[in-house]
């Protein structure tokens, strides 16, 4: 599977997860809004029902009051009839004054009692009128409260609908932003790899390759270091990002138990979490990494260097996944190993060519010394010039297919000999004819 296929699969999976989360949030918000509206409506209906019940009770009280008022009026009428009867009795029984006086006294008592009952009935009617007015006012207040509650419920519904629309808009914007971020993150390692491959085209030495490898890994990790395998130990040759920690003094004996030495012995890429690091390794590199990558760099089948990289000091939001980092490192290593192998062969060939150029200079010196006792100074210098021209021509013919770097080796050896033997007759004559 290609990297862009993996990135597309990860983006699709994240999109599906975000869509499911959005649907769940939308359903929860709708359910909460419906519950709030139903509760508000139920409370308002309850208040209206209570007001209606109280109004019904007040109507029954008014009917009772009317009945009592009719009874009082009936009593007044009966009292008037009694008074008329008393008057007739007085006319009929004027002789019986004692009985008449008693009747009048009784009449006065009945009248006073009737008046008291009437006053009491009127007071009760006024009290009930006040209670009825108060009840009507309470009913109107309850009605207004119910209307207010209904308006609040409608406002809550509108607010919930607006909140749901805002949530949908926010989720859509977040989804678009996440898609854009995933697309950018998916292409970022490809851009880094393309840049690294372009830089690898211009390298000429193994040191150049290791430098480009370190700088390319630094696009994925905040801290990167290259350990060279020297005899029986590992020494830091170059590093990046280890601020505040002196890596130039770090030396790791191959006998030490460490992921670095294990990479030299096993030749395997190692991805380690913080718990898998030994205390010795922690002390060597410092920092507080959560993920460490150890990358052996083989040259012609033998590990010649170890690349160490970690995410110390990097936040979780800034860090890419360990899987992506391991894949980028492996791709860089796959591209680097053949290049290192070719450069190793080239360096061996260059060493042979350098020895050949040095032998030519030695032969020129040997012939010059042999001729120095047979020829004069001018003739000796001319012979040296002819021998040098012949040597340069033969060397150029042999180096014709080996490149410009090989063709310059004889000139380098001549310059070194002139500097080294500049005070001798050979050095002076060689400087004269070489120029």
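Condition check: at pLDDT 85 or above and not assigned by TED's automatic domain parsing to the domain that holds residue 222. Does residue 330 satisfy that? For residue 330, the condition - at pLDDT 85 or above and not assigned by TED's automatic domain parsing to the domain that holds residue 222 - is not met. Return the residues of region 284-303 that are surrounded by fewer than 14 Cβ atoms within 10 Å (Cβ to Cβ) and under 30 Å from the mean Cα position of the chain (by Cα); say none if nothing qualifies. Across region 284-303, the qualifying residue is only 288. The listed residues are 234, 272, and the only one of them that is within 36 Å of the chain's Cα centre (by Cα), closer than 23 Å to residue 311 by Cβ and assigned by TED's automatic domain parsing to the domain that holds residue 308 turns out to be 272.
From the list 67, 128, 90, 104, the one residue that fits, being on the phi < 0 side of the Ramachandran plot, at pLDDT 80 or above, in contact with a helix residue (DSSP H, G or I) (Cβ under 8 Å, 6 or more places away or on another chain) and assigned by TED's automatic domain parsing to the domain that holds residue 47, is 104. Taking region 267-286, which residues are more than 24 Å from residue 321 (Cα to Cα) and free of Cβ contacts under 8 Å to residues at least 24 places away in the same chain? 279, 283, listed by residue number.
Number of residues in region 254-269 that are modelled with pLDDT of 90 or more and either on the phi > 0 side of the Ramachandran plot or not assigned by TED's automatic domain parsing to the domain that holds residue 296 (or both) equals 0. Of the residues contained in region 71-79, none is found to be at pLDDT 80 or above and farther than 30 Å from residue 105 by Cα.
Restrict the check to region 54-61 and report whether at least one residue is in a helix (DSSP H, G or I), in contact (Cβ under 8 Å) with a residue 24 or more places away in the chain and closer than 30 Å to residue 162 by Cα. No, region 54-61 contains no residue that is in a helix (DSSP H, G or I), in contact (Cβ under 8 Å) with a residue 24 or more places away in the chain and closer than 30 Å to residue 162 by Cα. Of the strands (runs of 3 or more DSSP E) lying entirely inside region 151-253, none contains at least 2 residues that are surrounded by 15 or more Cβ atoms within 10 Å (Cβ to Cβ), modelled with pLDDT under 80 and in contact with a helix residue (DSSP H, G or I) (Cβ under 8 Å, 6 or more places away or on another chain). The residues on offer are 404, 357, 417, 370, and the sole one that is within 30 Å of residue 205 (Cβ to Cβ), without any contact (Cβ under 8 Å) to a residue 40 or more places away in the chain and not assigned by TED's automatic domain parsing to the domain that holds residue 299 is 404.
Looking at region 267-283, can you tell me whether even one residue there is crowded, with 21+ Cβ neighbours inside 10 Å and in a loop (DSSP other than H, G, I, E, B)? Checked against the condition, which is being crowded, with 21+ Cβ neighbours inside 10 Å and in a loop (DSSP other than H, G, I, E, B), region 267-283 yields no hits at all. Being closer than 30 Å to residue 403 by Cα, modelled with pLDDT under 80 and more than 28 Å from the chain's Cα centre (by Cα) is true of residue 347.
Surrounded by 12 or more Cβ atoms within 10 Å (Cβ to Cβ), in contact with a helix residue (DSSP H, G or I) (Cβ under 8 Å, 6 or more places away or on another chain) and either free of Cβ contacts under 8 Å to residues at least 40 places away in the same chain or over 30 Å from residue 156 (Cα atoms) (or both): is that true of residue 51 in this structure? The answer is no for residue 51.
The values are calculated or read from the model by the stated rules, or taken from the named source; none is laboratory data. Since this is a predicted model, take the numbers as computed values, not measurements. Positions of Cβ are generated from backbone atoms using ideal geometry, with glycine treated the same way; all protein chains shown enter the neighbour counts.
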